[in-house]
Amino acid sequence: MRVMVIGNGSREHAIAWKLRASPRVTEIFAAPGNAGTAQLGVNIDVQPTDVDGLLAAARKHAIDLTVVGPEMSLEAGVVDRFEAEGLRIVGPTQAAARIESSKSFAKRLMERHGVPTSRAEVFSSYGEAREYVSLASAPIVIKADGLAAGKGVRVCASTEEALEALRESMEDRVFGDAGRRVLVEECLIGQEISVFTFTDGVHLSPLMAACDYKRIGDGDLGLNTGGMGSYSPPLVWNAELEAQVMSEVMAPIVRALAEEGCPFRGVLYGGLMLTADGPKVIEFNARLGDPETQAVLPRMETDLLDVFEAIVDGTVDRTPIAWSPKAGVGVVVASGGYPEAYTTGYPVSGMDDVDEGVAVFHAGTSTSNDGGVVTAGGRVLTVSAIGETLEEARSRAYENAARISFEGAYYRRDIAALAPAASGR
Ligand code: AMP
Ligand code: GLY
């Protein structure tokens, strides 16, 4: 089979890498891909939101199955268009992807179907939002309704900060139209985990879980990023918690989307807070997580192509997915200065000097004229390792990350370091 992966991050390189291991995959294409996907197959120069371009590429290269990485492609309606043209594609339709692309849609759906989540009010009027926030007690969470590249959420310690966040979103429009409408939410306290299921809209696979590190600095300090590392499974994750999350959160929301006329086929990602009152939903995403994928897929023993085909064919109930009991850790190596201004174009060395069984998944990289790899983005790559224990996976990931270098390379030192005081994970 000829398979095309849409996207250009480390997540997409990991998906392409896992698919490349399938005996049934003959050729891999990535749109637009990065220097890592170029080593596995062919990069196609088309952007993830260019639906016409993606459709043309699928035809031109006789693609048998397309896999969508990023949410922006889902929001652009790539799945609807491919399905309308009779092409096989893995991911939810635009309507089903509203579970991620509209936080108010997701919140109302959860409320209607009794899925535990933070209390929230939705505002389109700046005046009404201000009035409500002035009377609410901090901490308060202010969230842009639409997609804001992971930057649309502010957890505010004071009313003043919440009012400022409202102004930035609703008046200054720092997130464009995505922040015209906002949610004002109760702040949840607890450990955060990311939970994934592969679903064909009716059946759900058993759940897989991971932890994500969003802040730039050790000890969860500093600015939010696209994700600086991940490990899987979380130490709190066990059969009892899985059963509870399945029956209270994941199965009801898949049923709810089907009942409301937009069945969800793809990977459903629940961002959960494990509160004193049980797991509550922070948000849903309509795809695999980045960087969670880089810690999770190395643990998958089943052919990923089988899993993706089961989603499209409606046979998830007949497709068992085997996971290694080993731990997975992914450490993101970023450009110095990220998530603020940074410089690109630096040669990357040492990427071939990694141990057997350690994977280096590219993100912001490109191939230079002399065939070498140079930095081309904020998050440059993820070093992923597995181990018998979390500690073993962690030390392997860090030993190997230390062999890779480029000017200004930065990574957190505390990914999967579980000193309780350090992160609460
Ligand atoms: P998001 O960009 O939606 O993934 O949100 C970014 C982060 O904000 C989440 O990972 C949480 O750590 C935090 N967050 C969002 N909503 C809440 C909430 N209601 N209570 C506490 N933390 C939240
Ligand atoms: N790991 C966060 C995300 O993929 O949205």
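Bear in mind these aren't lab numbers, they're just calculated from the coordinates by the rules spelled out. What you are looking at is a predicted structure, and each value in this text was computed from that prediction instead of being measured. Glycine gets a Cβ as well: all are built from the backbone with ideal geometry, and neighbour counts include every protein chain shown.
Brief remarks follow.
- Only DSSP H runs of four or more residues enter the estimate; each adds -39500 (n - 2.57), and after division by the residues of the chain the mean residue ellipticity at 222 nm equals -7500 deg cm²/dmol.
- Take 281-287, 158-164, 406-412 and order them by the average number of nearby Cβ atoms within 10 Å per residue, most first; the result is 281-287, 406-412, 158-164.
- Cβ-placed point charges (K, R +1; D, E -1), dipole of the chain about Cα centre in debye, nearest 20: 200 debye
- Rounded to whole numbers, the Karplus 3J(HN,Hα) couplings from phi for segment 275-292 are 8, 4, 9, x, x, 10, 7, 7, 6, 10, 10, 9, 6, 6, x, 10, x, 4 Hz, using 6.51 cos²θ - 1.76 cosθ + 1.60 with θ = phi - 60°, and x at Gly and Pro.
- Look at where the Cα atoms of segment 13-58 and of segment 145-179 average out, and the two centres are 34 Å apart.
- Linear extension gain, residue 344 paired with residue 21, 0.36 nm per residue minus alpha-carbon span: 113.2 nm
- Between residue 174 and residue 236, the contour length at 0.36 nm per residue exceeds the alpha carbon distance by 18.6 nm.
- Measuring between alpha carbons in the structure, the pairs from 214/326; 18/151; 103/214; 103/280 lying more than 21 angstrom apart are 214/326; 18/151.
- The Cβ shell under 10 Å around residue 32 holds other residues with a net charge of -3, Lys and Arg each +1, Asp and Glu each -1.
- Label-to-label distance for residue 119 and residue 355 is 5.0 nm, based on points extended 7 Å past Cα in the beta-carbon direction.
- Rg and Dmax over the alpha-carbon atoms of segment 91-198 stand at 13.9, 42 Å.
- Sites residue 62 and residue 315 - FRET efficiency at Förster radius 30 Å, r taken between beta-carbons, to 0.05: 0.80
- For the peptides 358-364, 82-88, the ranking by packing is 358-364, 82-88, with the highest mean count of neighbouring Cβ atoms within 10 Å listed first.
- Within segment 102-233: Cβ-based charge dipole about Cα centre, in debye rounded to nearest 20 (Lys, Arg +1; Asp, Glu -1): 300 debye
- Working from label points 7 Å from Cα in the Cα-to-Cβ sense, the residue 131 to residue 276 distance is 3.3 nm.
- For segment 130-257, the residue among 201, 155, 245 whose Cα projects farthest onto the positive side of the dipole built from Cβ charges is 201.
- Mean separation of Cα pairs under 8 Å and 6 or more residues apart, divided by the residue count, gives the chain a relative contact order of 16 percent.
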